[in-house]
Every structure is written in C-alpha cells, then in structure tokens.
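The values are calculated or read from the model by the stated rules, or taken from the named source; none is laboratory data. Quantities reported herein were computed from a predicted structural model and do not represent experimental measurements. In this analysis, Cβ positions are derived from the backbone assuming ideal geometry, glycine residues included, and neighbour counts consider all displayed protein chains.
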Amino acid sequence: MACDLTKGRGIPCRNLVGGVKYIYFGQFDEITSTIVASEVTDIEMGTDTLFRYSIRRGNASVTETVTGSTENGTVVYAPSVNIKLTGLSKEDQNELKLLAQNRLVVYVQLNQTLTNDHNVILCLGATNGMDLNTGSNASGAAFADLNGYDWTLEGQEAAPMQTVADYTTVPFDNSAFTMGTIVTS
C-alpha cells in the first residue's frame, strides 16, 4: 500500500522557538519548484525577483490546517500566513494592491534553526499558489494600538507545506537554485 507508515517520532529537545524572521514573496507564474520528500530541492526563477519583508518579533505566524473527509477519502492542506506590518504609507498601499492581485509563492524564514544554526525556511503555495484573501489597514484608537497592516494569505494544496533545502551562507544561495535578486527594501 502506498500510504504505509514509515517511522515513529520521539520528543524533540526543548530548544525550539516560534516566530518568523522574514517573509519572501514571489510571483507564482515565475517560479518552478522541485519537491522531493517534502523538501524544495530546486527553485527555478531565472532573473525574477523575491521580495523580502522584515517582520517585527511576534508579528507573523504560519498555520497549516489539515481537512480530511472520511466519506470522500480526501485530505486537503490549507497553509496560511498572517503578517502584521507597522506603519501606513502610500507606498505600502500600492504594494498591497499588487499583492492582492497576484497569486504568490510565499517563503517563510522561521526563528527555528537547524543544527548548523541556519534558519528553517518553509515554502507555502508551491503547487497552487497563495492568495491575499483578508486583511485590514488601520490605525487603532489608543496610542499603543497597531498603526499598520494585518494581512492573511491562504492557499489550498494536496500535500503539506515544504521545507526549503538548507542554504550555504545566506538564504536561497543553494547551488541548485536559479534565482534572480532578493529585494529587501
């Protein structure tokens, strides 16, 4: 049977941390990913660009909801990423409009690290893309309230989100990856 279990799982060490360092957006139609055993082992983008968003501590999260149907014999994975970006600006308003109009692949660089102290990077929407489906742009009532953006991007996939193959020195510098530039501001 193709769905036989292959391993058990112990309890990991208590050295894990949550949270997100950076979010990278790429246009879905311009990215081809090779996925082997739940790992992105190759990314082909040519000269296209990834756009990196810096995230303040505690202002982004990744969730994947698994929905199965016993009656239909199906399982669907719904990755989502929620980000809060501080400050309202006309430049961000224009970029928000572009994000909302595009289907995206989203890479999430976590605070969690591998044994070599490199950050774990997840890939969301590799097969079907991610869409900005909900969000708000607001300035709260109190001085300490959020003045900025709260966006949620969602996807629907036939397989769980993938981990991107480890990098050498900086994210996405893998020799198998054909990348354009990473825009950081």
- prompt: In the list Ala159, Ala126, which residue meets the criterion of being in contact with a Ser or Thr (Cβ under 6 Å, 6 or more places away or on another chain), assigned to a loop (DSSP other than H, G, I, E, B), small (Gly, Ala, Ser) and in contact (Cβ under 8 Å) with a residue 24 or more places away in the chain?
  reply: Ala126
message: Tell me the residue from Ala176, Ala138, Ala144 that is small (Gly, Ala, Ser), outside any strand (DSSP E or B) and either touching a residue at least 12 places away in the same chain (Cβ under 8 Å) or in contact with a helix residue (DSSP H, G or I) (Cβ under 9 Å, 6 or more places away or on another chain) (or both), please.
response: Ala176
- request: Those residues that are surrounded by fewer than 16 Cβ atoms within 10 Å (Cβ to Cβ) and closer than 17 Å to Val108 by Cα, I need them from the range 62-86; list them, please.
  value: Thr63, Glu64, Thr65, Ala78
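Matching residues to (1) within 17 Å of the chain's Cα centre (by Cα); (2) within 30 Å of Cys3 (Cα to Cα):
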| position | (1), (2) |
| --- | --- |
| Ala126 | yes, yes |
| Thr134 | yes, no |
| Asp145 | no, no |
| Gln156 | yes, yes |
- prompt: In the range 40-61, which residue that is touching a Leu at 6+ places or on another chain (Cβ under 9 Å) and part of a loop (DSSP other than H, G, I, E, B) is surrounded by the most Cβ atoms within 10 Å (Cβ to Cβ)?
  reply: Ile55
statement: Picked from the range 38-61 (must be small (Gly, Ala, Ser) and in contact (Cβ under 8 Å) with a residue 60 or more places away in the chain), the residue nearest to Val108 (Cα to Cα) is Ser54
task: Would you mind telling me which numbered condition in (1) buried (at least 17 other Cβ atoms within 10 Å of the Cβ); (2) within 30 Å of Ser139 (Cα to Cα); (3) of a type outside the set (A, V, I, L, M) Phe28 fails?
output: (2)
task: Kindly list the number of the only condition in (1) assigned to a strand (DSSP E or B); (2) under 18 Å from Leu110 (Cβ atoms); (3) at pLDDT below 90 that fails for Gly18.
output: (1)
- prompt: Are any of the residues in the range 92-108 surrounded by fewer than 17 Cβ atoms within 10 Å (Cβ to Cβ), of a type in the set (Val, Ile, Thr), outside any loop (DSSP other than H, G, I, E, B) and within 17 Å of the chain's Cα centre (by Cα)?
  reply: no
